[in-house]
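Chemist: Sending over a structure as structure tokens; questions will come in a sec.
The values are calculated or read from the model by the stated rules, or taken from the named source; none is laboratory data. Here the structure is a predicted model, which is why all the values come from computation and not from measurement. Note: ideal-geometry Cβ built from the backbone for every residue, glycine included; neighbour counts use all protein chains shown.
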Amino acid sequence: MDHDADRLTLWPSYFDVRRSRRSGRRVAKDAAVKKPDLEGLYAAARAVGLRKIKREANAARPSDPHAREGRLVVSRSGAEADAGASSKEEIMQLIGTTWREQRKKEHEQVNKPAAARKQGGKSSPSQGKSKGRSSSRRRSFKR
């Protein structure tokens, strides 16, 4: 593999909130996500405005050769023109914060219908309570 100064490699594990900086996370925790994957990384990079992107699905990171997480290859000059970020750290922070916001919006949309269901009246008895026992009376552990 030849060296190209215009090419930046981004691995999904750079954005893993569960990793420490020492074990490979390259962005701040507020720009990291849980369970990062290549497709999410690609979508976040596109949302930032990057156009010169290449996905390599079966690539393995040299420090973790058994985990074939894939990688994203980004053009440095394209990133500077499209997103205004000149360094790899700036590009990673932009992608990370955008990715985290996307995940937050997805999470809110998934949980929104569940919250609407809970607002209704109490139509059925709650689980685990029998009808014969009074819930207002407390029992102690000692008998």
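Chemist: Quick check, is LEU94 buried (at least 18 other Cβ atoms within 10 Å of the Cβ), touching a residue at least 12 places away in the same chain (Cβ under 8 Å), closer than 23 Å to SER23 by Cα and not basic (Lys, Arg)?
Modeler: Taking the combined requirement at face value, the residue satisfies it.
Chemist: Still on this structure, I have one more. Given the criteria under 13 Å from VAL74 (Cα atoms) and surrounded by 13 or more Cβ atoms within 10 Å (Cβ to Cβ), does ARG46 qualify? Step through it out loud before you land on a result.
Modeler: Values: under 13 Å from VAL74 (Cα atoms): yes; surrounded by 13 or more Cβ atoms within 10 Å (Cβ to Cβ): yes.
Answer is yes for this residue.
Chemist: For segment 49-88: of the residues being at pLDDT 90 or above and acidic (Asp, Glu), which is surrounded by the most Cβ atoms within 10 Å (Cβ to Cβ)?
Modeler: GLU69
Chemist: Right, another one. Need pairs with beta-carbon distance below 8 Å; first residue within 17 Å of ARG100 (Cα to Cα) and within segment 1-26, second surrounded by 15 or more Cβ atoms within 10 Å (Cβ to Cβ) and among the hydroxyl-bearing types (Ser, Thr, Tyr); sequence gap 6+ or separate chains.
Modeler: So the pair list comes out as ARG19/SER13; ARG25/SER13; ARG25/TYR14; ARG26/TYR14.
Chemist: Could you count how many residues in segment 49-75 are out of contact with any Ser or Thr (no Cβ under 8 Å at 6 or more places or on another chain) and more than 20 Å from SER13 (Cβ to Cβ)?
Modeler: Counting residues in segment 49-75 that are out of contact with any Ser or Thr (no Cβ under 8 Å at 6 or more places or on another chain) and more than 20 Å from SER13 (Cβ to Cβ) gives 3.
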